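Bear in mind that the values in this text are calculations on the coordinates, not laboratory data. Because the structure is a prediction, the values reported are computed rather than measured. Cβ placement follows ideal geometry from the backbone for every residue including glycine, while neighbour counts extend to all protein chains displayed.
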Ligand SMILES: [Zn+2]
């Protein structure tokens, strides 16, 4: 890989703009690679040299999970120009088996039916191995290995993938995992934007509402509200941004913006006035204008981290 970050980003954008795919899988796979590279970067800063197709399948399920809900009168949004994407259908079927009314949270569904989840994961893994993973990087007819090398060719059969000897590794080219982790905050919003545009284009007939991005990728704030009292305690009753006392209109905010990196752990959550949340400094390049990260400001957060994480 080129060590020039601009060239690397241009390469990823070329993959995004390649028009052969009918489904939205390539966006999901790219986001999964970025998120996994960030998650598996060690404390000393080394990104993982490889990932497995099982890990990618699990992450892809996580990304599509909330998208299998119905969107404001339009039903479940289509993610394929030819009907619904197979992965979405499978997730939807699993969700319906878990809960007839309402949409189950992923971690609840996993713990209620671990066998069913395992089956779903295998089916999604097969879909990814069959299609997007071996072809994602190719531009037109040109075969490219900008990001990674896989040990199988297109044309593999499902039984081969489920066999024990299947080599399920995605081996990153030199420097790629590190670049994905480092540039993830920049690439993520670009990928989300294109994914949203694609879904809007596919569902043009059914959509009148511009709130699709929040629906597909927003975090569910109602789900975070119960954490408010704990966060307020950790912060000694003060707003994270202005240090004044918190009163009625306080809310839970993501310190690293959700669109840049979707992290719901307590390390990344703060209690703040609604007004401070709205005007918070987002730039990190104006020295002194950014508050310290949550764990540095309130060390009590550390002890709560492990049991609060949703995964
Ligand atoms: Zn405040």
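Things worth noting here:
- By average C-beta atoms within 10 angstrom, highest first, the peptides 49-60, 166-177: 49-60, 166-177
- Applying 1/(1 + (r/R0)^6) with r as the Cβ-Cβ distance of residue 143 and residue 97 and R0 = 45 angstrom yields a FRET efficiency of 0.65.
- Cα→Cβ-extended label distance, 7 Å offset, between residue 81 and residue 242, nm: 5.0 nm
- Between 0 and 90°, nearest 10: helix 25-39 axis offset from the chain longest Cα axis: 50 degrees
- The order of 72, 251, going from fewest to most other C-beta atoms within 10 Å of their C-beta, is 72, 251.
- Cα long-axis angle, helix 176-202 against the chain (0 to 90 degrees, to the nearest 10): 80 degrees
- Between helix 53-64 and the chain: long-axis angle, C-alpha atoms, 0 to 90°, nearest 10: 60 degrees
- Distance histogram for the chain (every C-alpha pair counted, 10 angstrom bins, percent rounded to whole numbers): 5, 24, 32, 26, 11, 2, 0
- A convex hull fitted around the alpha carbon atoms of segment 5-142 yields 141 Å³ per residue.
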